[in-house]
1. If you take the beta carbon distance between residue 63 and residue 171 as r and set R0 to 30 Å, what does 1/(1 + (r/R0)^6) give as a FRET efficiency, to the nearest 0.05?
2. For the Cα atoms of the chain, what angle does the longest principal axis make with the long axis of helix 540-555, in degrees from 0 to 90, nearest 10?
3. Defining a contact as two alpha carbons under 8 Å apart and six or more residues distant in sequence, what relative contact order in percent does the chain show?
4. Give me the accessible area per residue for the chain, probe 1.4 Å, as a whole number in Å².
5. Full-extension gain between residue 469 and residue 36, please, as 0.36 nm times their residue separation minus the C-alpha to C-alpha distance.
6. Taking N as the number of residues in segment 67-182, what is its alpha-carbon radius of gyration divided by 2.2 N^0.38 Å?
7. Which of the trypsin sites (Lys or Arg not before Pro) across segment 302-385 are loop residues per DSSP, with 12 or fewer other Cβ within 10 Å?
8. Give me the net charge of residue 584's neighbourhood, meaning all other residues with Cβ under 9 Å from the Cβ of residue 584; Lys, Arg count +1, Asp, Glu -1.
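The values are calculated or read from the model by the stated rules, or taken from the named source; none is laboratory data. For clarity, every value in this text was computed on a predicted model and none was experimentally measured. Glycine also receives a Cβ, built like all others from the backbone with ideal geometry; neighbour counts cover every protein chain displayed. Only protein heavy atoms, including side chains, enter the accessible area calculation; ligands, DNA and RNA are left aside. Shrake-Rupley method; radii C 1.70, N 1.55, O 1.52, S 1.80 Å.
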Amino acid sequence: MYLPGVSQADRATRTERCSGQVVIDSVEALDALLDRHPYLRDHPRFSQRYRDALLYLELMKMQKGAQIGVSIDELIERYGGSRENVRVWLLGERRPILVKMLITHELSRRKYEVSLSPEVHLHRVDPSRVYEAFKVVKTGDFVEIASAIERLHLSALDKSVLMVELRPYNYRGPHWFYRIAGIIRGNRREIEAILNQRLARRFGKDQVHKWYRIGVVTNRLYFWCQDTRTDYSNGSKSWLNLYKYEHFHFQPLSMKRLFVEEACRHLRLRRGELSKLVGQITDYPHKIPKDNSIMDFLFYRSIMHGGVLHFLLDIIGKPLKAIESHIASIGAGACGGGRILHPKFPSLEPFRTKVMGAMLSDGHLPPSRHPTYNERDSERRKQVMETFSKLGEIQIRIIKRGNDNTIFSFPVVVGRLLEKWGMPVGDKTILNPELPSYILQGSREVQCAYLAQLIPEEGCVTVIPEKNRIQLSWGRSLALDAGVKAKSYKFKPLISAVEKKFLHHFGTTTIEHYGDPDKQVQTRKLSWAELKRLTHSKDPEVVATAKRLKQCVHDYPCHLVEGEVSVCRGLGIKIAKRPTIINLYEKSGRVTVQWLAITRRTEDAIRWALLAPPDDQRKRGQLVEGLKRLSSLVEKVAARLREEGKECSWYLGTSFLA
């Protein structure tokens, strides 16, 4: 018989070691073998057979000259044996039935286990534990079966993949295992759901990031404790979950073959059997062919899905970093287009926050999932692309609009990644997205990393030397009426035709180009100051409409601004926010309000500068020049931060004013 992964010399050595004589010379040895083969206790005559075995052991001691203090007749009376049995045992013609069965079953076990590769033992649950877990399953009750699997998991919490053999290795073993295997195979999803409910109740919050999967192949139950986290930075599993449905392309193909074959050795499965298990235990996005030849395991194809890769890495016990050099790209598309070439898997934070800080401002994720980034400043574009390059060599398309407007178009694989990180799909102004919770409730490092991106993207540094004043501000727009997009976004207008007519009448006409000289958008702009003035008009209708419009703006805040102000507040930075302008776009019928957030005092701007200086050379330079004029106040704020236990300018890694 061929044993994958086991050399002839190793097989011979292990056969010699495991096929030696089974010695039962004490009650301890007898009980130890019974613990290993507990199903022998199920025989209706086990009690008498066990007493016969004890009598036999006492006779063997007596035969070897040991002084046991009792006669043979007394032993027969104590254990209830027959004189004929005693005679043949002493002559060595026969052994008690239980002793004989234990030796036979133990030799069968050794013969079977010697055929297993060393890797299998990393996952295999001892058959005695399997028997003890499932023996209470009297019927095909799903709850009882889930409870049995739960007990096996609790006895091996350090293993993420378990192999449970639901078949005896001896022909006289527990054949009811086959019935259990059949029940699980036919009702796998239902039992899996019950198992997850039970473990969720047991572990509570500690189980939130875990999902338990089961599959049955060749009468073996396979159990996978899947780590589903996508938001932690100390391991590679987050990247495997983020890229769960993406194509990983191996190079060279021989590495993919070795990788799959190693997983087969660990689970004692052929390639087709492993394919069948993958179809059960992972969220494989395609139907499994009848011949089980999934493309992930075709060695002339480079592709492997992220979910399958995650499962296989857990089987062999290796991190993603171990095979990173053999992954040529991630994503789809011919000739590398639309992929991330030579992918990297950086620590999630603050990388994710820096990316989202840029994309939540000047980025856009359309329904096609091809994200774009629009930035006029060439240095800022370069810096953002350097951040994205930590993912690998991204295949991007560059779109030029006018002389100074450049748009980067990213592949879909990046778009799906951004979506999982909380990037809204569609028009942010209409959708009014929340600030992602990992930023809003994140660590100080994460929040400072976000604020360091906010000013370069949406903000402004204002230095007023004559007043010794510095301000940091940023703005965002929010739709009150989506205009022609209302139907596609299912957006119910927050203002009526009366308010739109009001804006058309009182607004100032302007022409916007948005970086494209050939593009002209006519807009009616009404400042917030003018709207407040109109609330005191002599015309009652004007007053009523102005007040309704004003109330509407206050009742529908910009969620991003609200979240960003909350982050600043948590860092001790006081921010004032207010609407500044309401825009009516004549052609599209769209109405938006511009919100402005600004530091209340110079001390707040300095505090921001020391905790999260702008990640932009030009704006950081403006801020430094302003701070140099206020060195005493800067030192005062820095001292206060040190008292609070906050490290100044951690983002730069050096003293901010150096």
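1. Numbers: r = 33 Å, r/R0 = 1.10.
It comes to 0.35.
2. Compared with the principal axis, the helix lies near 30 degrees.
3. Working: 997 pairs, mean separation 54.3, N = 658.
Taking the mean separation of contacting Cα pairs over the length of the chain, I get 8 percent.
4. Values: 31350 Å² over 658 residues.
With all protein chains present, the chain gives 48 Å² per residue.
5. Values: separation 433, 0.36 × 433 = 155.88 nm, distance 8.04 nm.
Result for the pair: 147.8 nm of gain on full extension.
6. Numbers: Rg = 20.0 Å, N = 116, 2.2 N^0.38 = 13.4 Å.
This ratio for segment 67-182 stands at 1.49.
7. none
8. Values: positive: 500, 524, 525, 590; negative: 481, 586.
Charge balance near residue 584 sits at +2.
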